[in-house]
1. For the stretch 283-374, please list each of the strands (runs of 3 or more DSSP E) lying entirely inside it that holds at least 1 residues being over 15 Å from His273 (Cα atoms) and touching a Lys or Arg at 6+ places or on another chain (Cβ under 7 Å).
2. Would you check if there is a residue in the stretch 248-255 being more than 19 Å from Thr11 (Cβ to Cβ) and surrounded by fewer than 24 Cβ atoms within 10 Å (Cβ to Cβ)?
3. Hey, can you tell me all the residues within the stretch 33-80 that are of a type in the set (A, V, I, L, M) and over 20 Å from the mean Cα position of the chain (by Cα)?
4. Considering every residue within the stretch 11-33, establish whether at least one is farther than 21 Å from Asp282 by Cα and crowded, with 18+ Cβ neighbours inside 10 Å.
5. Given the criteria of a type in the set (Gly, Ala, Ser) and crowded, with 20+ Cβ neighbours inside 10 Å, does Ser152 qualify?
6. Against the conditions (1) more than 30 Å from Asp185 (Cα to Cα); (2) in contact with a strand residue (DSSP E or B) (Cβ under 9 Å, 6 or more places away or on another chain), where does Arg73 fall short? Just the number, please.
Amino acid sequence: MYRIAIVGGGTGGTVLANRLAEELGPELAAGEVEVRLITADPEHVYKPTFLYVPFGKKTVDDAARPIDELLDRRVTLDIAEVTDVDTDGHALTFADRSRLRYDHLVLATGASLDPDAVPGLAEGGHHFYGPAGAETLRDELADFTEGHLVLSVAGVPHMCPAAPVEFTLMVDDWLRERGRRDDVDLTYTYPINRAHGLESIAEWATDLFDARDIDVETFFNVESVDPDAGIVESMEGTELDYDLLVAIPPHAGSDLVIDAGLGDDGWVDVDRHTLEAEHADDVSAIGDVADVPTSKAGSVAHYEAGVVADRLASRARGETPTAVYDGKTVCFLEAGMDEATFIEFAYGEEPYVREPSRPLHWAKLGYNESYWLTARGLL
C-alpha cells in the first residue's frame with residue numbers, strides 16, 4: 001500500500017486530501033493507496049474572514065467549520081498533534097508517542113503569529129489575523145472616535161500580504177461613513193522602501209492613500225512598542241505616537257520543520273516548481289510553510305495542492321510525475337467597504353491592478369461564501 005500522510009488541515013491540506021481522493025478513487029477502493037490527513041484542530045478555519053470581523057460584517061464563527069464535514073469520506077482523518085518528523089525512517093511521532101509510517105509526507109502546517117518577537121507588541125498592538133484578535137479589535141474600533149490610528153506591518157513574510165492595505169482602506173471608508181474620519185489621523189507603515197512588496201500594488205495603494213489623506217511611512221521596521229506611552233519605534237529610529245495600533249505580528253514557521261532538518265527558519269526549503277523538499281526524500285510542502293518566492297496566500301495553497309495531488313497520483317501509479325507549479329496566485333483586494341480590485345500573477349510576473357469597482361467587491365464576497373466548496377474540492 002502507498003501511504004500518503006498530510007499534516008495540516010488548512011486550505012492546502014484539505015484541498016490536497018480531497019483532490020487525492022478524487023484522483024485515486026479506484027486505488028483507494030482497492031486498498032492500494034491510503035490518504036491520511038492529520039491535524040490537531042478539528043475546526044477548519046478560513047482566515048480571510050477575519051478581515052471583516054472588526055467592521056461587524058462577519059463573526060469569528062463564520063470562519064470555521066468542522067473539518068470532518070469538508071473531507072471526502074475516503075480520506076482517513078486523525079485529530080492528533082505531530083511532535084516529530086523522522087524523514088530517514090519515513091515516520092511521524094504523535095503527542096501520545098505512537099508512530100505512523102508513510103511513503104510520502106506532505107507538510108501543510110501553515111504559519112503562526114509571533115507577537116512576542118517584538119517587545120511590547122502583544123500588550124500594545126491589535127490585529128485581525130486570528131479570532132480573538134479580530135474580536136478585540138472590533139470592540140476597540142467601536143469606541144474609537146478620535147486620535148491616531150496606526151497600521152504597522154511588523155514583520156515579513158506574513159499571511160494574506162494584501163490584507164494590511166485592505167484594512168487601511170476599509171477603516172478609512174468605515175470612519176467616513178460614521179462621520180469620524182476628520183477626527184482620526186491614519187498612518188500606514190511598511191518595512192521596505194514602498195507600501196507593498198509587489199511594486200504595482202505599492203503604486204496603486206500609495207495613490208489611494210494620498211487621495212484619502214493617509215500617511216505612509218516606509219523603511220519602518222518595528223523594533224518595539226511602548227503601550228504605556230503609546231509609541232511604536234522603528235529600527236531606523238522613527239517614532240510614531242498612536243492611540244490605536246493595528247500591527248501585523250511577525251510570523252513563524254514550524255518547529256517540526258527545523259527539528260526535521262527541512263529548513264533552518266521554520267519554512268520548508270522546496271523546489272519552487274515541484275514543491276518537493278530539498279533536504280529529504282519523499283517529502284513535499286504546500287501553503288504558507290513552503291518557502292517559495294510568492295505570496296503566503298490561500299490561492300497559492302490551493303494551486304499548489306492541485307500540483308502535488310497530480311504528482312502524488314502519478315507516483316502512486318508508478319508513473320513519472322510531470323505537473324509543476326508556476327507560481328500562480330490570484331487575489332481580490334478590498335479598496336474600501338464597497339469596492340475591490342483583482343490581481344493575478346505567476347513567478348516573475350508583476351500583477352496588473354484593475355480599477356476598483358462594486359462588482360469586484362461583490363465577487364470577493366461571493367467567493368468567500370463559496371470557499372467551502374473549494375475546500376471540498378468542488379471548485
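The values are calculated or read from the model by the stated rules, or taken from the named source; none is laboratory data. As the structure is a prediction and not an experimental result, all values here were calculated from the model. Heads up, the Cβs are rebuilt from the backbone with ideal geometry, glycines too, and the neighbour counts pull from every protein chain shown. Note: areas computed on protein heavy atoms with side chains; ligands, DNA, RNA excluded. Shrake-Rupley method; radii C 1.70, N 1.55, O 1.52, S 1.80 Å.
1. Details: elements: 283-285, 329-334, 340-345.
Answer list for the stretch 283-374: 329-334, 340-345.
2. Yes; the residues of the stretch 248-255 include at least one that is more than 19 Å from Thr11 (Cβ to Cβ) and surrounded by fewer than 24 Cβ atoms within 10 Å (Cβ to Cβ).
3. Listed by number, the residues that qualify are Val33, Val35, Leu71, Val75, Leu77, Ile79, Ala80.
4. Going residue by residue through the stretch 11-33, those that are farther than 21 Å from Asp282 by Cα are 11, 22, 25-26, 29-30.
Going one step further and asking which of them are crowded, with 18+ Cβ neighbours inside 10 Å, we end up with 11.
Yes, that holds for at least one residue.
5. Considered against the rule, which asks whether it is of a type in the set (Gly, Ala, Ser) and crowded, with 20+ Cβ neighbours inside 10 Å, Ser152 comes out as yes.
6. In the conditions (1) more than 30 Å from Asp185 (Cα to Cα); (2) in contact with a strand residue (DSSP E or B) (Cβ under 9 Å, 6 or more places away or on another chain), Arg73 misses (2) alone.
Per-residue answers, yes or no, for (1) under 23 Å from Asp62 (Cα atoms); (2) open to solvent by 10 Å² or more (accessible area, probe 1.4 Å):
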{"residue": "Gly133", "(1), (2)": "yes, yes"}
{"residue": "Leu137", "(1), (2)": "yes, no"}
{"residue": "Cys160", "(1), (2)": "yes, yes"}
{"residue": "Phe167", "(1), (2)": "yes, no"}
{"residue": "Met170", "(1), (2)": "yes, no"}
{"residue": "Arg180", "(1), (2)": "no, yes"}
{"residue": "Asp183", "(1), (2)": "no, yes"}
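Residue-wise test of (1) of a type outside the set (Val, Ile, Thr); (2) closer than 28 Å to Lys296 by Cα; (3) in contact (Cβ under 8 Å) with a residue 40 or more places away in the chain.
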| position | (1), (2), (3) |
| --- | --- |
| Thr218 | no, yes, no |
| Val222 | no, yes, yes |
| Asp226 | yes, no, yes |
| Val232 | no, yes, yes |
| Met235 | yes, yes, no |
| Glu239 | yes, no, no |
| Tyr242 | yes, no, yes |
| Leu245 | yes, yes, yes |
| Ile248 | no, yes, yes |
